[in-house]
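The values are calculated or read from the model by the stated rules, or taken from the named source; none is laboratory data. Here the structure is a predicted model, which is why all the values come from computation and not from measurement. As a convention, Cβ positions derive from the backbone with ideal geometry for all residues, glycine included, and neighbour counts pool all protein chains shown. Quick note on the areas: whole protein, heavy atoms, side chains included, nothing else; ligands and nucleic acids left out. Shrake-Rupley method; radii C 1.70, N 1.55, O 1.52, S 1.80 Å.
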Amino acid sequence: MASASGAGARAGLETWNPPDCGDIDMRIADDGTWLHEGTTIGRPALVKLFASILRREGDRYVLVTPVEKVGIKVDDVPFLAVEMTHDPASGRLFFRTNVDDVVAAGADAPLRFEVDAAGGFRPYVKVRGELWARLTRALVPDLLALAQERDIDGRTVIGIASGDSFFPVAESADFYREDDA
């Protein structure tokens, strides 16, 4: 995979400032499915087109053209990272999203880690602007296999390195702790 952080956005998208036409009945579900009026958008080319004009404005996701802007609902984040490669020579991690954006994790495309309500581990990678992709469950073991232990500010943390960047996941004691169930 080649690095093309943000390559899926239309040229000029961040500078377009058309009138806001309100919200439409379009939603990106937690599993990455795009829906219009409750019906799945089944054409991958159409989903990629919509993804290329998507941006985030505060807490709102909008589809933007040079002449209008409409809001849509996003359950979690708009994209899923569906493929990961690690280049041993550079130490960089590359992710491909469900809409074929390719992102090299690093300072401009950081990783972040959250714990969901059920205690599940949810890693994300920034794709472009304020748009993120959640790594699919299938990628999590491969990502965690690359975890490293480092001392940062007197604390031992577990994290993921990509090139010159290091993204802490948790303190070592918390990462290796097994809860009694």
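Would you mind calculating the gained length between N17 and R43 on full extension (0.36 nm times residue separation, minus the Cα-Cα distance), in nm to one decimal? All intermediate terms of the calculation are to be shown ahead of the outcome.
Values: separation 26, 0.36 × 26 = 9.36 nm, distance 2.78 nm.
Computed gain between N17 and R43 is 6.6 nm.
Mean-square fluctuation check for the chain, GNM, Cα pairs under 10 Å: which of A133, A11, A118 is largest?
Top of the fluctuation ranking is A118.
Give a quick list of trypsin sites (Lys or Arg not before Pro) in region 87-181 that DSSP marks as loop, anything other than H, G, I, E or B, with at most 11 other Cβ atoms within 10 Å.
Listed in order of number, the matching sites are R177.
What relative contact order, as a whole-number percentage, does region 104-170 give when Cα pairs under 8 Å and 6 or more residues apart are counted?
Over region 104-170, the number comes to 25 percent.
What nm value, rounded to one decimal, do you get for the distance between D31 and E171 when each label is placed 7 Å out toward the C-beta?
Simple spin-label model gives 3.9 nm for this pair.
Report the full-extension gain for the segment D87 to R112: residue separation times 0.36 nm, less the Cα-Cα distance, to one decimal in nm.
Additional length available on full extension: 7.0 nm.
Might you report the magnitude of the Cβ-based charge dipole of the chain about its Cα centre, with Lys and Arg at +1 and Asp and Glu at -1, to the nearest 20 debye?
660
Find out how many positive minus negative residues lie around K126, taking Lys and Arg as positive, Asp and Glu as negative, among other residues whose Cβ is under 15 Å from that of K126. Mind dumping the intermediate values first?
Values: positive: R55, R56, R92, R96, R112, R122, R128, R134; negative: E14, D76, D101, D108, E114, E130.
Computed value for this residue: +2.
So if I place +1 on the C-beta of Lys and Arg and -1 on the C-beta of Asp and Glu, and nothing else carries charge, what would the dipole magnitude of region 94-181 be about its Cα centre? I want it in debye, nearest 20.
Working: 10 positive and 16 negative charges, 67 e Å.
Using Cβ point charges on Lys, Arg, Asp and Glu, region 94-181 gives about 320 debye.
Relative contact order for region 66-117 using alpha-carbon pairs under 8 Å, separation at least 6, rounded to a whole percent?
Relative contact order, region 66-117: 22 percent.
From the helices alone, meaning DSSP H stretches of at least four residues, give me the mean residue ellipticity at 222 nm for the chain, per-run term -39500 (n - 2.57), in deg cm²/dmol to the nearest 500.
-2500 deg cm²/dmol
Determine the shape class of region 28-125: with a ≥ b ≥ c the square roots of the Cα gyration tensor eigenvalues, call it rounded for a/c under 1.5, and otherwise prolate if a/b is greater than b/c, oblate otherwise.
Note, shape of region 28-125 comes out prolate.
Using Cα pairs closer than 8 Å and at least 6 residues apart in sequence, work out the relative contact order for the chain, in percent. Intermediate values should be presented prior to the final figure.
Numbers: 343 pairs, mean separation 34.6, N = 181.
Over the chain, the number comes to 19 percent.
Compute the Rg to Rh ratio over region 1-82 from the alpha carbon atoms, using the Kirkwood formula for Rh, and round to two decimal places.
Value, to two decimals: 0.95.
Given the C-alpha centroids of region 6-39 and region 40-115, what is the distance between them in whole angstrom?
Answer, in whole Å: 11.
Students sometimes get this wrong: rank I152, I41 by accessible area, probe 1.4 Å, all chains present, largest first.
Greatest to least solvent exposure: I152, I41.
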